[in-house]
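Everything on this sheet refers to the single structure shown next.
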Amino acid sequence: MELTKEVIDHLAENAVILEGLNDCVVGVINTCREQGILLYDTTKIIEKLERDMSHEEALEYFAYNIRGAYFGEGSPVFLDFNVNEGDVVYGKI
């Protein structure tokens, strides 16, 4: 399900929204310290980046420009689903 800006704003009004990645949002996180942090699926992001670059380029771009960036208060968090023996596998298995 792709979340629209209106839905995201309602669920997470202070959240940083990563442009062009709304369809990679899988949830909203609320903690005692921060409310309404968007949770992105790392695999979906990598697969989307691979439309314009190789798998290795997508991994590097994600690591340095998305996960490695600090967007201020409300910065998003990322979920890695494909964990196998301590290693994370991005993209299709």
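The values are calculated or read from the model by the stated rules, or taken from the named source; none is laboratory data. Since the structure is predicted, the reported quantities are computational estimates derived from the model, not experimental observations. A quick note on method: Cβ atoms are made from the backbone with ideal geometry, for glycine too, and the neighbour counts reach across all protein chains shown.
Observations, loosely collected:
- Segment 27-62, residues that are in a helix (DSSP H, G or I) and loosely packed, with under 11 Cβ neighbours inside 10 Å: Glu56
- Hits in segment 51-93 (condition: aliphatic (A, V, I, L, M) and either under 13 Å from the mean Cα position of the chain (by Cα) or modelled with pLDDT of 85 or more (or both)): Met53, Ala58, Leu59, Ala63, Ile66, Ala69, Val77, Leu79
- Just so you know, in segment 20-50 the residues that are under 15 Å from the mean Cα position of the chain (by Cα) and polar (S, T, N, Q) include one that is modelled with the lowest pLDDT, and it is Asn22.
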